[in-house]
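The values are calculated or read from the model by the stated rules, or taken from the named source; none is laboratory data. What you see is a predicted model, and the numbers here were worked out from it, not measured in a lab. Here the Cβ is made from the backbone with ideal geometry for all residues, glycine too, and neighbour counts use every protein chain on show. Heads up: the accessible areas ignore ligands, DNA and RNA and are worked out on the full protein's heavy atoms, side chains in. Shrake-Rupley method; radii C 1.70, N 1.55, O 1.52, S 1.80 Å.
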Amino acid sequence: MRDVALTLVIFGTLPFILWRPHIGVLVWTWIGFMNPHRLTWGFAYDMPFAMIVALCTLVGLLISREPKKIPWTRETIVLLIFLVWLLITTVNAMYPALAWFKLNQLWKILLMIYVTMMLMQSKERINQLVWVIALSIGFYGVKGGIFTIVHGGVYHVRGPEGSFIGGDNEMGLALIMTIPLLRYLQLTARNVWLRGALNAAMVLSAIATVGSQSRGALLGLVAMGAFLWLKTRNKIFTAILGVVAISIVLSVMPQQWYDRMATIQNYETDPSATGRINAWKMAFNMAKGRPLGGGFDSFHEYSFALYAPDPEDVHDSHSIYFEVLGDHGFVGLGIFLMLGLMTWRTASWVISRAHRDREKRWVADLASMIQVSLVGYASAGAFLGLAYFDYYYTLIALVVLCKTLLVSDVASRVAEPAVSGAEPPLVKRPAMAPGWPAFKPSRPTSGTPEGRG
C-alpha cells in the first residue's frame, strides 16, 4: 500500500512539473534528500523516481517560456572546472568500473544543481527549496530524536538504507547541516505555533545527532552549535535551546555512549581511529605517487598495499578532504577547497549587503545559516567521507541564488532613477482657434498697480 501511495503521489506531480519545471526541482530535492522510496518494501524501493522527475524537469525546462540562464558566478565556474577534473581523473582511475559508476551519479546531481540555479531565482522559490530540504532531513531528526529518548540512546540513529544518509555517520552529518536551516525558517515564520514546532524540531534533531553515536558528528555538532550561537540574532534564545538539548542528552544517553565518545581523547588505542589515520596517510602517499589520484572509490586493498603504512589495515577515507585528495590528487583537493572558500566569501558578501535592509534581511539570515551549515559540514566532514554529498552542492546553489537575487535587485533599483529622471517629452502648445486674437500681456509702464495694464 505504501508503494502504491508513493508512486501515485510522485507520478501525480509529473504534469505539474511539465507545466512549471521549478516544481520538478522541489520534487527531485525531496526524493534525493528524504529518499521516501527507501521507506517502502515493494516495487517502489528500487524505482528510479529521481531520474523520472529529473527528465520531466528537463523537458519542462525546454518547453517553458521562463528565462533559461545559468547565473555564471565564480562558484558555478569553479564547480564546472571541478567536474572536468573529475572526468580526467576518472579516465585514469585505478578502478575504472567503480570510478565511472560514481562519476555517472555525480554529474547527474551537478546537472540538476545547475537546473536549480536556473529555475529558483526568486524569494518564493528559494524559500520553498529551503522548506523542502529542512523538512526532508528534519523528518529523520524529529523521528530520531524521539527514538533516542524513548530507547535511552541504546540504538544508533540511521537513515534509510541505500541512500546518502543510510549510515549513522552520514545521518549525523545531514542533521548537523539541517539544524541551521530550521533556525532560518524559525526566524522567518510568523505563526507562533509554527515557530514552536521548528524549535522542537531543532532540539530533537540535535538529540538525534547525538543518538547516531557518531564521534565525528558529535565534534561537528559542537562546532556548528558554537557558530550558530555567534551568527544568530537572538543569542539568549539559541542558548536556551542548546541547554535544553544538552540536558536531555545527558539524562538519556547510556554509559556505552560515554565510553565511545571518550575514545576521541584516547584515539591511539582505538582501532577505528588508527585505521582512519592509516587511510589518510595512504591518500597522501597516493596523491604524491599519482598526480591525478586514484579516481573515485580508490580506497581499496590494492591501493593500501601500494601506498599505506599498514597495508593490512584497510579503511574507508572517513574524511571529505582525504577522500578528494586520494581520489583526485592535490589539484582536485585544491579545487574542492577553493569552491568552499568562494562560497563562504559570497555568503559574507550577501550578509554585508542585506543585513541592514529590512526587506532583504531574510537573505542575510539565510546566508548566515548556510555558513553555519558549512561549518558543520567542514568540521564533521573532516572525519566523515561525504565529499560528493548532494546536500553540500545544494547549499552552494542557494548561496549563488541569494547573490543573484541581490544583484538583480540592485540593478533594478539603479534602472528606476534613470527612467524617472528622464526629461519629459516636449508638449506642443495647442493652436488657437481660428479668428481668436493671440493674447500677449502688456509690459507694465510703471511700478504702480495701475500701470500693469
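Laid out as a table, the results:
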{"quantity": "Residue in the range 295-305 that is under 28 Å from the mean Cα position of the chain (by Cα), open to solvent by 20 Å² or more (accessible area, probe 1.4 Å) and at pLDDT 85 or above present", "calculated": "yes"}
{"quantity": "Every residue from the range 158-178 that is over 19 Å from N127 (Cβ atoms), open to solvent by less than 10 Å² (accessible area, probe 1.4 Å) and either without any contact (Cβ under 8 Å) to a residue 60 or more places away in the chain or part of a helix (DSSP H, G or I) (or both)", "calculated": "M171, G172, L173, A174, L175, I176"}
{"quantity": "Residue identified as at pLDDT 85 or above and touching a helix residue (DSSP H, G or I) at 6+ places or on another chain (Cβ under 6 Å) among L175, L194", "calculated": "L175"}
{"quantity": "Top-ranked residue in the range 211-244 [being open to solvent by less than 10 Å² (accessible area, probe 1.4 Å) and among the aliphatic types (A, V, I, L, M); ranked as nearest to F139 (Cα to Cα)]", "calculated": "A217"}
{"quantity": "Residue identified as in a helix (DSSP H, G or I), open to solvent by 40 Å² or more (accessible area, probe 1.4 Å) and modelled with pLDDT of 95 or more among L26, L55", "calculated": "L55"}
{"quantity": "Members of the range 142-170 found to be under 13 Å from L218 (Cβ atoms) and among the aliphatic types (A, V, I, L, M), listed by number", "calculated": "V157"}
{"quantity": "Residue in the range 337-360 that is β-branched (V, I, T) and either free of Cβ contacts under 8 Å to residues at least 40 places away in the same chain or closer than 19 Å to T188 by Cα (or both) present", "calculated": "yes"}
{"quantity": "Answer residue from the range 91-100, given it is touching an Asp or Glu at 6+ places or on another chain (Cβ under 8 Å) and part of a helix (DSSP H, G or I) and is most open to solvent (accessible area, probe 1.4 Å) among those", "calculated": "L98"}
{"quantity": "Pairs with Cβ under 7 Å, 6+ apart, first in the range 268-279 and more than 11 Å from V314 (Cα to Cα) and modelled with pLDDT of 70 or more, second open to solvent by 30 Å² or more (accessible area, probe 1.4 Å) and in a helix (DSSP H, G or I)", "calculated": "A273/Y267"}
{"quantity": "Test: residue in the range 66-80 that is of a type in the set (D, E) and not in a loop (DSSP other than H, G, I, E, B)", "calculated": "yes"}
{"quantity": "Among (1) open to solvent by less than 80 Å² (accessible area, probe 1.4 Å); (2) farther than 19 Å from Y184 by Cα; (3) touching a helix residue (DSSP H, G or I) at 6+ places or on another chain (Cβ under 8 Å), the one test that F284 misses", "calculated": "(1)"}
{"quantity": "When residues of the range 179-210 are limited to those that are open to solvent by 40 Å² or more (accessible area, probe 1.4 Å) and without any contact (Cβ under 8 Å) to a residue 12 or more places away in the chain, the one nearest to T238 (Cα to Cα)", "calculated": "R195"}
